[in-house]
1. So, taking all protein chains as they sit and a 1.4 Å probe, how much accessible area belongs to LEU93, in Å² rounded to tens?
2. Within a Cβ distance under 14 Å of VAL129, other residues only, what is the Lys/Arg minus Asp/Glu net charge?
3. Ranked from highest to lowest mean number of other Cβ atoms within 10 Å per residue, what is the order of the peptides 192-202, 101-111?
4. Can you give the local net charge around LEU43? Use residues other than it whose beta-carbon is closer than 12 angstrom to its beta-carbon, Lys and Arg +1, Asp and Glu -1.
5. With every protein chain in place, what's the accessible area of ILE178 (1.4 Å probe, Å², nearest 10)?
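The values are calculated or read from the model by the stated rules, or taken from the named source; none is laboratory data. The model shown is predicted, which means the values in this text are computed figures rather than measured ones. No Cβ is skipped: glycine too gets one built from the backbone with ideal geometry, and neighbour counts run over all protein chains shown. The protein model used for the area step is the full one, side chains on, heavy atoms only, and it has no ligands, DNA or RNA in it. Shrake-Rupley method; radii C 1.70, N 1.55, O 1.52, S 1.80 Å.
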Amino acid sequence: MNKIFAGLIMLLVKINLNLVGIPITIFPDFVAYIFIYFGLSELSMVTLMFRKSLKPSLFLIFYSLASDLIMLVPSVTYNGFALTGICKLIYSLTMVYVLYIVILGLRDYQRKNNAEIDTRELKRRWSGVVVMAAASPLFRTLTNNDASILYNFKYGYADASLYYASLVYIIIAIAFGIVSWCVLVYFTAEFNRVRAVYNMSRIPK
């Protein structure tokens, strides 16, 4: 549980640097998912339910690693990799699936060990993560397109109406990103509470 919590914290903390034109992210997503994978591996020894999340977690590791590597090449290649948000949608839904298996695993552990772990609030907050994850690819893809329109307008290749519409949309997308981050913080805070209860239940009485 501690490794999963550490992974969630890494997903929240984004520190981007630019060294000699090369973008570098402190706590990249693939490192966060490596922590989550090993955390799930440990939990799978406690309850078999957690094993269902191991393969999806590996997918998250390799997808986020490939995405980070592609960002090192020209942006045109990266935007093409997005495939109009389809890959991002699969990635986002896989993430929420892994989190759902964690909730099911905790419920299974609670039932088998008569532990006092209440996951109802965690499940409710997870529902908010699902909504944000499903909508995120749409905002990400359209924001990339709008950014291109702004760039083209700057050099006289786009209409003024498109420019202002794109500018408004980017502002909305930024607001959506802030809300999404808050939803994940909200989920992580409750996960931390459940983690503490789980850790206490593992202490021999």
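1. Probe radius 1.4 Å; accessible area of LEU93 about 80 Å².
2. Net local charge, VAL129 excluded: +1.
3. My ranking of the peptides, most packed first, is 101-111, 192-202.
4. +3
5. 100 Å²
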